[in-house]
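Student: Next up is a structure, given as structure tokens.
Where a number appears in this text, it was derived from the coordinates with a stated rule and is not lab data. Just so we're clear, the structure is a prediction, and the values are computed from it rather than from any experiment. Cβ atoms come from the backbone with ideal geometry, glycine included; neighbour counts cover every protein chain shown.
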Amino acid sequence: MMPGLLAEAWRLWRQHRAVLLPATAPWLFLPPFALALLVSAPPSLPTERDGDVAQIWAEAFVAWVGAEGYWYLLAHLVAMIGTGCVYALLLRGVAVRSAIGMAARAVPRLALASLLTGPVILLGLSLWLVPGLYAMARLALVAPALVVERRGVLAAIGESVRRTQGQGLALMLGIGLPFLAGWLGGQPFLAIDQWQRAEQANPVVLAIADLGIGAVAFAAALAQALVVVVAYRRLPR
């Protein structure tokens, strides 16, 4: 059922890019760019398996959440409007203004769905990555069901799990490739950002690196949303 998922997503991009680019860039590009440029990153996970080191990291992480974490939460909520706009534009065929309105109205339910499903995905990603990508695939249709069909959160989760049954691995590849490409593609820019902040930063070089981080995150998020649109159209109800 899922062959050609990425090819169809690419066709959608080529067909609708004149609308998708300006409609989604403020929501999917600006937040990661602003985070990279203006907000300090969370403390890196310790490499040493030592209780004292882990405790020091945990305390630093809690302090970081209190000082900066709300900016990441805000960026996450803003990005929901961007992906929701993609679903409304391509699954309902509405105008850009209406699509943004539909996505914005769905944010409270999208946030609740993220709160319920996010821990499952994060736990899976921490367990050798593949379980998390599989969870992302099985839950991929939750957001479009909330935006386009205005389903309840639990109903949307159940529908996604039911409709993706038997297609989880294929959909995992379709969603996982943009996810991994975004992570790998952002690493060079992230390394430049960290290098610049460790030294006396050149503001031009730092801004270019953070533009790269934002652009890669934007491309990955948009590609994943397009794959979800294709799956939503193809999978039987």
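Student: Could you tell me which residue out of 198, 171, 34 lies farthest along the dipole of the chain toward its positive end? Charges go on the beta carbon: Lys and Arg +1, Asp and Glu -1, centred on the Cα centre.
Tutor: Farthest towards the positive pole: 171.
Student: For residue 30 and residue 111, what is the calculated FRET efficiency with R₀ set at 30 Å and r taken between the beta-carbons, to the nearest 0.05?
Tutor: Result of the calculation: an efficiency of 0.95.
Student: Can you give the local net charge around residue 206? Use residues other than it whose beta-carbon is closer than 9 angstrom to its beta-carbon, Lys and Arg +1, Asp and Glu -1.
Tutor: Charge balance in the 9 Å sphere: -1.
Student: Take each uninterrupted DSSP H stretch in the chain, measure its Cα extent along the helix axis, and return the ones at 24 Å or beyond whose mean Kyte-Doolittle hydropathy is at least -1.0.
Tutor: Those that pass (Cα extent of 24 Å or more, hydropathy at least -1.0) are 5-28, 70-87, 96-126, 168-198, 203-234.
Student: Simple spin-label model, 7 Å along Cα-to-Cβ: residue 37 to residue 97 in nm?
Tutor: Distance between the two pseudo-spin positions: 2.8 nm.
Student: Provide the packing ranking of 224-234, 101-111, i.e. peptides ordered by the mean count of other C-beta atoms within 10 Å per residue, highest first.
Tutor: 224-234, 101-111
Student: Sort 149, 59, 199 by Cβ crowding within 10 Å, fewest neighbours at the top.
Tutor: 199, 59, 149
Student: Here's something else I'd like to know. Just order 114-120, 202-208 by mean Cβ neighbour count inside 10 Å, highest at the front, would you?
Tutor: 114-120, 202-208
Student: Determine, for 33, 218, 61, the number of other Cβ atoms within 10 Å of each Cβ, and report the residues in order from fewest to most.
Tutor: Fewest-to-most Cβ neighbours within 10 Å comes out as 61, 33, 218.
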